[in-house]
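Asks: Here it is: the structure, laid out below.
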Amino acid sequence: AIPHNREVIHVIPRGFTVDGQEGVRSPLGMHGFRLEVEAHIVTAATTSVQNLTKCVESAGVQVESYVLNPLASAEVALTDTEREMGCVVCDIGGGTSDLAIYIEGNVWHTMVLSVGGNHITSDIAHGLRLPADLAEKIKIDHGSARPKDVDASEYFSVKPFGEEKPVQVSKADLAMIVEARVEETFNLVLQEIKRSGYDGLLPAGIVLTGGTAMLPGIRSVASDVLNLPARVAEPTNLHGLVDTIRGPQFATSVGLLKWAARETLAAARTPQQSRRTRKTIDGNMGRMSDWLKRLLP
């Protein structure tokens, strides 16, 4: 039973059994007396959902439904082959790292880990005695997750708390701070993959999305810690979108648009409704693209 303080976000079928016949991907069109389903259920804290709904609606937008981050990212980041072979999507945002394991084309496991890019920023701020906003800028401008890839002779200037003049900091020293937190993050990912029991079923490896996935060297660290193939993904197979939003940090946002379009088309009951719906979606996507072109440099 679902706890009273949790709300169901997704019910994702893994497979069906028809009259004892297992391994049925879709029972549509089949005859039988008994239908069973094995499903993965995603829930969220009811208060969190209510607060998020209130926040969005206060901005004048109605919430139709919720989608877990890595599921939205997977819409535009994964290939069909990766879904079938077995892989894990890791969306590394500011406060969390969100995981989704795909096997045989379906979601088999999800988890949200309470570690993300903000923790790297905090480590830099504490290690170099800097304000958080400056630490974030340094992470973006000079950060790397692999000290061995950084030229030890390269330095940058910062003014720590309590110092009257700027001091020189080695990029290699910065990379060591970043590497420690990134390795910890992927060790937590590894623990969760092993806990799921699917660690031997992921030949397609790990696909990284989210803003923190832009960190130089992060792919190599992920591959080393997890002993899996790793790649940094970005939205693909999309038309009409400006290049500025094709980075991994936009995978969830673009994936949400694709998710909504797919669900809207699926809800169309007749071919005529489907054509009208697709025309509306294409128009909305076009307006979204025009808006982004005006908004982004």
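The values are calculated or read from the model by the stated rules, or taken from the named source; none is laboratory data. Model, not experiment: these values are computed from the prediction. Note that each Cβ is placed from the backbone with ideal geometry, even for glycine, and that neighbours are counted across all protein chains shown.
Yes/no per residue for (1) part of a loop (DSSP other than H, G, I, E, B); (2) loosely packed, with under 15 Cβ neighbours inside 10 Å; (3) outside the structural domain of ALA72 (by TED's automatic domain parsing):
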{"position": "VAL8", "(1), (2), (3)": "no, yes, yes"}
{"position": "GLY15", "(1), (2), (3)": "no, no, yes"}
{"position": "SER26", "(1), (2), (3)": "yes, yes, yes"}
{"position": "MET30", "(1), (2), (3)": "yes, yes, yes"}
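Asks: Of all residues in segment 184-202, which are in a helix (DSSP H, G or I) and more than 13 Å from SER97 (Cβ to Cβ)?
Replies: In the first step, residues of segment 184-202 are kept if they are in a helix (DSSP H, G or I); the result is 184-196.
Correct list: LYS194, ARG195, SER196.
Asks: Restricting to segment 53-70, what's the tally of residues that are out of contact with any strand residue (DSSP E or B) (no Cβ under 6 Å at 6 or more places or on another chain), surrounded by 11 or more Cβ atoms within 10 Å (Cβ to Cβ) and either closer than 30 Å to GLY105 by Cα or in contact (Cβ under 8 Å) with a residue 40 or more places away in the chain (or both)?
Replies: Selection size over segment 53-70: 2.
Asks: Out of contact with any Gly (no Cβ under 7 Å at 6 or more places or on another chain) and in contact (Cβ under 8 Å) with a residue 60 or more places away in the chain, is that true of SER153?
Replies: Here the answer is no, as SER153 does not meet what is asked.
Asks: Right, next: Given VAL42, VAL76, VAL89, which one is touching a Leu at 6+ places or on another chain (Cβ under 7 Å), closer than 21 Å to THR110 by Cβ, in the same structural domain as LEU226 (by TED's automatic domain parsing) and part of a strand (DSSP E or B)? Quick ask: steps written out before the conclusion?
Replies: Details: VAL42 fails: in the same structural domain as LEU226 (by TED's automatic domain parsing); VAL76 fails: part of a strand (DSSP E or B).
Of the residues listed, the single one that is touching a Leu at 6+ places or on another chain (Cβ under 7 Å), closer than 21 Å to THR110 by Cβ, in the same structural domain as LEU226 (by TED's automatic domain parsing) and part of a strand (DSSP E or B) is VAL89.
Asks: Anything in segment 221-236 that is touching a Phe, Trp or Tyr at 6+ places or on another chain (Cβ under 7 Å) and not in a loop (DSSP other than H, G, I, E, B)? List them, or say none. So that I can check it myself, show each step before the final result.
Replies: The first filter runs over segment 221-236 and keeps only residues touching a Phe, Trp or Tyr at 6+ places or on another chain (Cβ under 7 Å), leaving 221-222, 225-226, 235.
Across segment 221-236, the qualifying residues are VAL221, ALA222, VAL225, LEU226.
Asks: Given the structure, is LEU113 surrounded by fewer than 21 Cβ atoms within 10 Å (Cβ to Cβ), over 17 Å from ALA222 (Cα atoms) and either among the aliphatic types (A, V, I, L, M) or modelled with pLDDT of 95 or more (or both)? Give the derivation first.
Replies: Numbers: surrounded by fewer than 21 Cβ atoms within 10 Å (Cβ to Cβ): yes; over 17 Å from ALA222 (Cα atoms): no; either among the aliphatic types (A, V, I, L, M) or modelled with pLDDT of 95 or more (or both): yes.
Criteria not met by LEU113.
Asks: Mind checking whether some residue in segment 203-212 is closer than 17 Å to LEU113 by Cβ and in a loop (DSSP other than H, G, I, E, B)?
Replies: In the first step, residues of segment 203-212 are kept if they are closer than 17 Å to LEU113 by Cβ; the result is 206-212.
Subsequent filtering for residues that are in a loop (DSSP other than H, G, I, E, B) retains 210.
Yes, because at least one residue in segment 203-212 is closer than 17 Å to LEU113 by Cβ and in a loop (DSSP other than H, G, I, E, B).
Asks: Looking at segment 101-176, what strands (runs of 3 or more DSSP E) fall wholly within it and have at least 1 residues that are touching a His at 6+ places or on another chain (Cβ under 6 Å) and within 30 Å of VAL11 (Cβ to Cβ)?
Replies: Working: elements: 106-113, 155-158, 167-170.
In segment 101-176, 106-113 are the strands (runs of 3 or more DSSP E) which contain 1 or more residues that are touching a His at 6+ places or on another chain (Cβ under 6 Å) and within 30 Å of VAL11 (Cβ to Cβ).
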